[in-house]
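Some notes on the structure that comes next.
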Amino acid sequence: MLDFVYDGSFNGLLTAIYEIYYRRQVPQQLLSRSSQTPKLFVREERIITDETKAGKVYEAIDNKISSRSLRHIYYAYLSEHMEAGIWIYHYLHLGWKLGNKLDLLLSDERVHRIHRLSQKVSMERHRLLGLLRFQLLRGNIYYAALEPDHNIVELLAPHFAARMADQNWVIHDVSRDLAAVFNRKEWLATDFTRQHRLELLKEEEYYQQLWQEYYNSMAISSRINPRLQKRCMPQRYWKHLVEMS
Amino acid sequence: MMEILKKLKILADSAKYDVSCSSSGSKRTNQTGGLGNSASSGICHTWTADGRCISLLKILQSNNCVYNCSYCVNRVSNDLPRATLTPDELCDLTINFYRRNYIEGLFLSTAICKTPDHTMEMLLQTVKKLRKEHNFHGYIHLKAIPGADNLLIEAAGKYVDRMSVNIELPSERGLRLLAPQKKHEAIIKPMNFLTSNIAAGKAERRKSRKAPLFVPAGQTTQLIVGATSDPDLQILKLSENMYKRFGLKRVYYSAYVPVSHHPHLPDISSPPLLREHRIYQADWLLRFYGFKADELLDDKNPNFAEDYDPKTDWALRNLDYFPVEINRADYEKLLRVPGIGVKSARKILTARRMHSLDFEDLKRIGITMKRAQYFITCKGKYSGPTAMEEHLLRPRLTLLPPHTAGPEQPSLFSFSSDVIAPEDAFTSVSGEI
């Protein structure tokens with residue numbers, strides 16, 4: 001048996017898909033990195049990312065299937081689900097036959113599971129549009145830390161670039177060492193690890209205190225319902241919420 | 001500094017019984033490189049311990065009220081700390097909360113200070129400052145004060161995204177009894193005024209994209225459920241009328257939270273949450289499912305059942321409408337099936353463009369069959385585990401947890417939160433019924 005291993009980038013994934021067709025060889029898995037535990041009967045083949053090959057696959061999806069499917073694929077890729085790679089391949093394989101009707105075939109597992117991944121990612125994106133919290137640091141930078149299930153920093157950035165257009169901000173995915181950085185004109189994604197402790201501006205603590213006070217006074221004591229609260233706002237996100245700490 | 005903290009606590013505390021928190025429906029953009037825009041879908045920023053979403057900074061500018069409505073915490077005769085925020089203080093809070101992404105914007109309400117005009121002017125000053133001085137483009141929901149001059153309401157409408165006038169209680173009689181200083185006509189007047197101005201604003205925008213926005217996210221209202229003896233039917237009829245006559249975006253319902261003792265108020269220990277929940281479910285059915293109030297309730301049954309959601313209840317009383325054939329029924333008909341919500345109905349329409357669907361297909365596209373199975377056929381086949389007869393279906397579809405199901409008659413004020421079954425609980429929030 002055979003696994004393809006690409007470098008974790010979207011172009012890497014598209015290159016791997018190109019190689020499947022070029023080599024006429026369908027692997028068991030398309031992995032974003034080598035599996036941790038060596039597998040006895042599985043051979044791993046490294047795929048070298050090639051922008052031209054990736055570009056061809058990208059164009060083909062956009063032209064022969066639809067831009068909607070392309071978006072689903074990108075979102076499914078960002079889910080970082082272990083099997084996302086090979087699922088994307090099977091979804092595309094069906095897509096070459098069905099063209100822009102691909103996304104109508106909801107009852108087909110190959111379509112359904114990609115939609116499910118894509119849905120999860122856009123759901124988490126939407127959640128974090130609300131749950132992200134900025135803190136004002138020395139040097140007038142608004143800094144937000146998050147640890148999302150999926151790799152969504154790039155999906156959040158455009159929203160905040162349009163909204164907090166007059167602020168310098170950093171949105172930092174602590175678990176992936178990634179950040180989107182905005183300088184009041186444009187944003188870019190970059191590798192990022194925090195070296196120092198956060199130095200909050202004095203006024204920051206004041207507004208955090210106000211917000212906590214406000215948050216606590218909003219609950220109606222005769223309606224307390226922690227289960228509903230957790231269902232709407234899963235506990236794994238609480239760590240970076242000013243009002244929950 | 002401590003001063004603001006104290007004021008914030010007092011004024012948030014007084015505002016929390018206002019239920020609307022939606023930040024949806026506006027299309028204000030940030031064109032000038034200023035601060036903020038609106039997301040048309042609305043965004044929730046956090047959830048309080050009672051499970052309600054916080055989207056906007058919901059606060060009163062002042063709780064110093066001249067009225068004495070008996071159901072309200074802020075009534076003048078209530079002994080309670082009073083505070084008023086200045087427009088500048090409110091702007092500072094809004095802007096700084098917004099910059100940290102705590103909120104989508106501001107929901108500003110207030111008690112009546114001195115006179116309606118004085119009060120409306122105070123609100124106007126605040127929202128004008130936010131837009132003009134702070135270049136703020138986030139969402140603003142503002143209360144229109146009944147009895148205030150139309151000119152003031154119109155001026156405010158140019159700065160805000162949504163406006164609302166609370167009708168407070170479902171009947172004029174209730175209003176006379178519990179809020180004698182508020183007049184029904186005085187409440188309807190600004191609603192009417194807003195309706196016609198919103199329509200006029202829209203017409204202007206159609207002619208020119210540059211025409212100024214006027215309350216682009218529309219008008220809403222709110223009423224209290226369970227403070228008067230009005231039955232659900234009357235409440236639902238009122239809402240139906242509001243949607244038709246005033247083109248309201250939403251009617252919000254809040255279960256009466258016992259805040260005082262008064263001979264005209266029901267003596268209850270907890271708010272009637274299940275009743276509120278049923279009315280919300282029915283409200284979705286009015287707005288998105290093509291139901292009419294008359295179909296859901298009538299004079300013989302003027303209140304919703306505790307043990308069935310309104311849609312299932314309707315289905316059980318109208319079994320001759322079923323089964324619905326999944327492969328042929330149109331959208332409206334699909335929506336009538338208990339367990340098939342707006343999302344599911346759309347998915348079915350999409351999937352059946354490719355091929356006709358059987359039960360396995362339905363499961364695979366993510367339709368929950370638990371309730372639906374009793375009311376549908378796929379390719380002519382019925383797969384419910386029992387014949388489609390009312391007495392067989394009723395026990396299988398009840399929403400009451402087994403230990404509370406019993407012959408006990410539901411009474412108007414007996415509902416409490418712990419009887420809402422888990423599978424039932426989310427439907428009034430998501431609207432998928």
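We did not get these values from a lab; they are worked out from the coordinates using the rules stated. Bear in mind that the values here come from a model prediction, so they are computed numbers and not experimental data. Cβ atoms come from the backbone with ideal geometry, glycine included; neighbour counts cover every protein chain shown.
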With B:PHE288 itself left out, Lys, Arg at +1 and Asp, Glu at -1 over residues whose Cβ is under 14 Å from its Cβ give +4
Sequence-separation-based contact order of the range B:2-225, relative, with Cα cut under 8 Å and 6+ spacing, percent:
20
Residues of B:91-100, mean number of Cβ from any other protein chain within 10 Å of their own Cβ, rounded to a whole number?
4
Given H placed on each backbone N at 1.01 Å, which residues far from B:TYR252 in sequence or on other chains put an amide H within less than 5 Å of it?
B:THR221, B:GLN222, B:LEU223
Cα Rg, Dmax (largest Cα-Cα span) when computed across the range B:213-252, Å:
11.8, 40
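Using a 10 Å cut-off around each Cβ of peptide B:248-261, what is the average number of partner chain Cβ atoms that fall inside?
Working: counts 0, 0, 0, 0, 0, 0, 1, 3, 0, 4, 1, 1, 0, 0.
The mean count of partner-chain Cβ atoms within 10 Å per residue comes to 1.
For B:GLY174, what is the net charge nearby, where nearby means another residue's Cβ is under 9 Å from its Cβ and Lys, Arg count +1, Asp, Glu -1?
Numbers: positive: B:ARG173, B:ARG176; negative: B:GLU168, B:GLU172, B:ASP230.
Net charge in that neighbourhood comes out at -1.
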³J(HN,Hα) computed for each position of the range B:59-69 - Karplus, 6.51 cos²θ - 1.76 cosθ + 1.60, integer Hz, glycine/proline x:
8, 8, 6, 8, 10, 8, 9, 8, 8, 9, 6
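So if I take the alpha carbon set of the range A:2-124, get Rg, then get Rh from the Kirkwood formula, what is the Rg over Rh ratio? List each step's numbers first, then the result.
Values: Rg = 13.8 Å, Rh = 14.5 Å.
That ratio is 0.95, to two decimals.
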Percent of Cα-Cα pairs more than 45 Å apart in the protein assembly as shown, please.
28
Give me the one-decimal nm value for the distance between modelled label points at B:MET388 and B:LYS202, 7 Å along each residue's Cα-to-Cβ direction.
3.8
Which whole-number percent is the relative contact order of the range B:310-398 (Cα, under 8 Å, 6+ apart)?
35
Residue separation times 0.36 nm, minus the C-alpha to C-alpha distance between B:GLU423 and B:ARG173: what's the value?
86.3 nm
Using packing as a proxy for protection, rank B:338-346, B:222-230 so that the peptide with the highest average count of other Cβ atoms within 10 Å comes first.
B:222-230, B:338-346
Count charges around B:LEU130 for me, please; just the other residues with Cβ under 14 Å from its Cβ, Lys/Arg as +1, Asp/Glu as -1.
+1
Which whole-Hz couplings ³J(HN,Hα) result when phi for each residue of the range B:47-52 is put into the Karplus expression 6.51 cos²θ - 1.76 cosθ + 1.60, θ = phi - 60°, listed in order with x for Gly and Pro?
10, 7, 4, 8, x, 8
By how many nm would the segment from B:LYS27 to B:GLN125 grow when fully extended, if each residue of separation counts as 0.36 nm and the alpha-carbon distance is taken off?
33.0 nm
Of the peptides B:56-68, B:352-364, how do they stack up when ordered by the mean number of other Cβ atoms within 10 Å, highest first?
B:56-68, B:352-364
Amide H neighbours of B:GLU325 at under 5 Å, excluding residues fewer than 5 places away on the same chain, with H built from the backbone geometry, are B:THR377
Quick check on my link table: of B:LYS16/B:LYS58; B:LYS9/B:LYS182; B:LYS343/B:LYS370, which ones sit more than 18 Å apart, alpha carbon to alpha carbon?
B:LYS9/B:LYS182
Rounded to whole Å and sorted largest first, list the principal axis extents of the Cα atoms in chain A.
62, 43, 40
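So between B:TYR331 and B:ASN318, what do we pick up on full extension, going 0.36 nm a residue minus the alpha carbon distance? Intermediate results must be reported in sequence, preceding the final value.
Working: separation 13, 0.36 × 13 = 4.68 nm, distance 1.83 nm.
Taking 0.36 nm per residue and subtracting the Cα distance, the gain is 2.9 nm.
May I ask for the equivalent-ellipsoid semi-axes of the range A:136-245, computed as the square root of five times each C-alpha gyration tensor eigenvalue and listed largest first in whole Å?
Details: eigenvalues 147, 66, 36 Å².
Square roots of five times the eigenvalues give 27, 18, 13 Å.
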With the dipole of the range A:141-232 defined by +1 on each Lys or Arg Cβ and -1 on each Asp or Glu Cβ, the option from A:ALA219, A:ALA180, A:ASN168 whose Cα lies farthest towards the positive pole is A:ALA219
Using a 7 Å offset from the Cα along the Cα-to-Cβ direction at both B:MET369 and B:ARG353, what is the distance between the two label points in nm, to one decimal?
2.6
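Contact order normalised by length for chain B, with contacts defined as Cα pairs under 8 Å and 6 or more residues apart; what percent is it?
Values: 739 pairs, mean separation 50.5, N = 433.
Over chain B, the number comes to 12 percent.
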Taking the C-alpha atoms of the range B:2-225, how large are the radius of gyration and the largest Cα-Cα span, Dmax, in Å?
16.9, 53
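In cubic angstrom, how much convex hull volume per residue do the alpha carbon atoms of chain B span? Spell out each step's value before the answer.
On the way: hull volume 72.1 nm³, N = 433.
It comes to 167 Å³ per residue, whole-number rounded.
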In order through the range A:113-124: 3J(HN,Hα) via Karplus (6.51 cos²θ - 1.76 cosθ + 1.60), integer Hz, x for Gly, Pro
6, 5, 4, 5, 4, 4, 4, 4, 5, 6, 5, 5
Which one, A:GLN119, A:VAL26, A:MET244, is farthest towards the positive end of the dipole of the protein assembly as shown when Lys and Arg carry +1 and Asp and Glu -1 on their Cβ?
A:VAL26
Under the rule of at least 5 residues apart or a separate chain, name every residue whose amide H is placed under 5 Å from the amide H of A:LEU137.
A:TYR142, A:TYR143, A:LEU201
Rounded to the nearest 500, the 222 nm mean residue ellipticity computed for chain A from DSSP H runs (n ≥ 4, each -39500 (n - 2.57)) alone is -14500 deg cm²/dmol
If R0 is 41 Å, what FRET efficiency do you get for A:GLN209 and A:ARG231 from their C-beta distance, rounded to 0.05?
0.90
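Other chains near B:33-45: what is the mean number of their Cβ atoms within 10 Å of each residue's Cβ?
Details: counts 4, 2, 5, 5, 5, 1, 6, 0, 2, 1, 7, 7, 9.
Across B:33-45, the average partner-chain Cβ count within 10 Å equals 4.
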At 7 Å along Cα-to-Cβ for each site, give me the label-to-label distance between A:LEU200 and A:ASP177 in nm.
2.7
